[in-house]
Amino acid sequence: MPKSPDDLAALAAERAAADRDYDEALTRLDRAIQQLPREFPQPPPLPDEHQITPLNTLWKIVAPAASGLRRGFVSGVRRAVAPLLEQQQAFNAAVVDHLNRNVPVGRDTRESIASTLTVLHDTIAELVRFQSVLVMFLQQITPYVDTRDRDVAGLLRGLSGAIDAVADEAMKRSEALLARERRHDIRVGDLEARVAALQQQIGDLQQALERARGR
């Protein structure tokens, strides 16, 4: 059923509105593409191990050696301060042990942060690339649909031309058949007229013979 001009105008307006909405949505998507930060975070520095070796050698308290008359005095002082020295040495040992245990932890933490930042950087870069590819793909939809529409329109025009050609050929054949039938009818009518005239002549001849016999 053919569309009225109003229907065609409404369809054209609907198509134009859909095209505008699509273009606006594509523009918003294009503007929403993420960007890789210019200054990406860097991993923290390695732990400061500059004093680790001296601490491992200096934590133990070694009393100075004494000789002669001072030996008895030093021994007395050593006995007096021995508990304090032992306590200080135990504290030094705990601090050094704690530092030694935290050095590999600091190294591992720094390596973990560095690898995490690398993965994060690569993931964001891949996401940005995917978003760009997605926008480029969506930008190809409208030209692709337009191309398909042109292909369909071309096929329809070709089909319409073929149908018109077939219709013209059928019309020509129909007209030829009608003309042939007219000629046939004319010939039949002429033949019937001749037969009627011949029958009339035969009848006239029979009447003439009968009159001749009656004489």
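The values are calculated or read from the model by the stated rules, or taken from the named source; none is laboratory data. What you see is a predicted model; the values in this text were computed from it and never measured. For neighbour counting, all protein chains shown are included, and Cβ atoms are generated from backbone atoms with ideal geometry for every residue, glycine included.
Computed values, structure above
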{"read-out": "Residue 114 being under 30 Å from residue 46 (Cα atoms) and at pLDDT 75 or above", "value": "yes"}
{"read-out": "Residue list for segment 89-111, filter: under 25 Å from residue 42 (Cβ atoms), surrounded by 12 or more Cβ atoms within 10 Å (Cβ to Cβ), out of contact with any Asp or Glu (no Cβ under 9 Å at 6 or more places or on another chain) and β-branched (Val, Ile, Thr)", "value": "109"}
